[in-house]
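The values are calculated or read from the model by the stated rules, or taken from the named source; none is laboratory data. Fair warning: this is a prediction, and the values are worked out from it, not measured in the lab. As a convention, Cβ positions derive from the backbone with ideal geometry for all residues, glycine included, and neighbour counts pool all protein chains shown.
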Amino acid sequence: MNKKQITAIVLLGLGLSMFLYGYSLHVLPVYSENNDQGFATAESVLIKEVSIGGLERKPDGTLHKTYTGAPPKACPT
Amino acid sequence: MVNKNKLQQFVLKLLPHRLWVQAAFLLVWLDPLAMRMHTICSPVFHCYACPLATFACPIGVIAQFSALHMFPFIAIGMLIIVAGTLGSVICGWVCPFGLLQDLAAKVPIRRLKIPRWIGYFRYIMLLGTVILIPYFFGEHHVLFICKICPAGGLEAAVPNIVSAATQGNPIQWPNVIKISIIAVFLITIFITIRPWCRILCPLGAIFGFFNRFSVFSMKLEDHSCTQCGRCRTLCTYGGQPDKKTNTDNCLRCLECTQCGPGALQASTIFEADKTEEPEKEEKSPQE
């Protein structure tokens, strides 16, 4: 095996590990707009939330939803 | 004439139909089944605010995650897998925004040639508008990628205006910056070929960077190259494939592999290794 092949295999392994970790293990607490309760939310769900501008980080460092009830249809930007 | 490997033979069969291949991929990106799977990132530049978007845009997701101070494991992991396998083949064959620019390039008018070094702006876009500005200033900064993205303007703002107008709903007009960006983009795609991809695309920067490491690889047989310059003529993006293959500026449209002597071939890093070994054995007795 040459250097190129080893680099490619290492990169693909790294990418696959990150992808699997993101999908299966990475969760973050997200609080509702009213600040009452935090729910452990999977990264895949976070992706959907950010795609509609549904999340914001408060000055205290916690993640909050920007809406209650029906989610916005599309990203506001 | 060099013996063509199986991958190259397949590429040569597909090359005349490249636009159709790009168009066929629209069936994947434009959500024909209305599934709207926005928990998954696509590997292409297609705005998730578009009414017709199957997946989430990886650049938008990375920028939004950066603004929220989170690490996007899924988006980055997916990009490393795709880029590490194919490099910028995605730009040349799969991306819908590339297709739009390739269609504009079919209009037979004289095009402005742009220097290759200008491609480094893509890294500035990636680092600046996708990572650093969102991280330090949040999504409300005027240079946040989604606010200045022409794909967002064309694929989301324009369709949403048309949709609101036809349904009789109040129209939400984009700001002056966004309208200007859409106008500039629409003009420049007729001035030069693939301006967004070659100068500013942050996703193209990632794929281009991986060209040198990816499993899919361009192979130049030095001893077969006759320096005829045909590959440079075939490369409409201003590349010099006979000088250096697998550069970060290459969009891997693979048109250059049609050169007469067949010195340039689509290959893989594993295949390149197999073909190099017998050549060395043949040369050794002469030395």
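What is the residue count in region B:55-76 for residues that are surrounded by fewer than 22 Cβ atoms within 10 Å (Cβ to Cβ) and without any contact (Cβ under 8 Å) to a residue 40 or more places away in the chain?
5
So, in region A:32-76, how many residues would count as being buried (at least 17 other Cβ atoms within 10 Å of the Cβ) and hydroxyl-bearing (Ser, Thr, Tyr)?
3
Condition check ((1) touching a strand residue (DSSP E or B) at 6+ places or on another chain (Cβ under 8 Å); (2) part of a loop (DSSP other than H, G, I, E, B); (3) within 10 Å of another protein chain (Cβ to nearest Cβ)) across all residues:
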| position | (1), (2), (3) |
| --- | --- |
| A:11 | no, no, yes |
| A:17 | no, no, yes |
| A:53 | no, yes, yes |
| A:67 | no, yes, no |
| A:71 | no, yes, no |
| A:76 | no, yes, yes |
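Does residue B:257 meet the test of being surrounded by 15 or more Cβ atoms within 10 Å (Cβ to Cβ) and either at pLDDT 90 or above or among the acidic types (Asp, Glu) (or both)?
yes
Would region B:148-159 turn up any residue that is within 12 Å of another protein chain (Cβ to nearest Cβ), assigned to a loop (DSSP other than H, G, I, E, B), surrounded by 12 or more Cβ atoms within 10 Å (Cβ to Cβ) and not β-branched (Val, Ile, Thr)?
Checking region B:148-159: at least one residue is within 12 Å of another protein chain (Cβ to nearest Cβ), assigned to a loop (DSSP other than H, G, I, E, B), surrounded by 12 or more Cβ atoms within 10 Å (Cβ to Cβ) and not β-branched (Val, Ile, Thr).
Yes/no per residue for (1) at pLDDT below 85; (2) assigned to a loop (DSSP other than H, G, I, E, B); (3) of a type in the set (Asp, Glu); (4) more than 15 Å from residue B:116 (Cβ to Cβ):
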site: B:185; (1), (2), (3), (4): no, no, no, yes
site: B:214; (1), (2), (3), (4): no, yes, no, yes
site: B:217; (1), (2), (3), (4): no, no, no, yes
site: B:249; (1), (2), (3), (4): no, yes, no, no
site: B:265; (1), (2), (3), (4): no, no, no, yes
site: B:275; (1), (2), (3), (4): yes, no, no, yes
site: B:278; (1), (2), (3), (4): yes, no, no, yes
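Tell me, please, whether a residue that is closer than 22 Å to residue B:137 by Cβ, in contact with a Cys (Cβ under 7 Å, 6 or more places away or on another chain) and at pLDDT 90 or above can be found in region A:62-72.
There is no residue in region A:62-72 that is closer than 22 Å to residue B:137 by Cβ, in contact with a Cys (Cβ under 7 Å, 6 or more places away or on another chain) and at pLDDT 90 or above.
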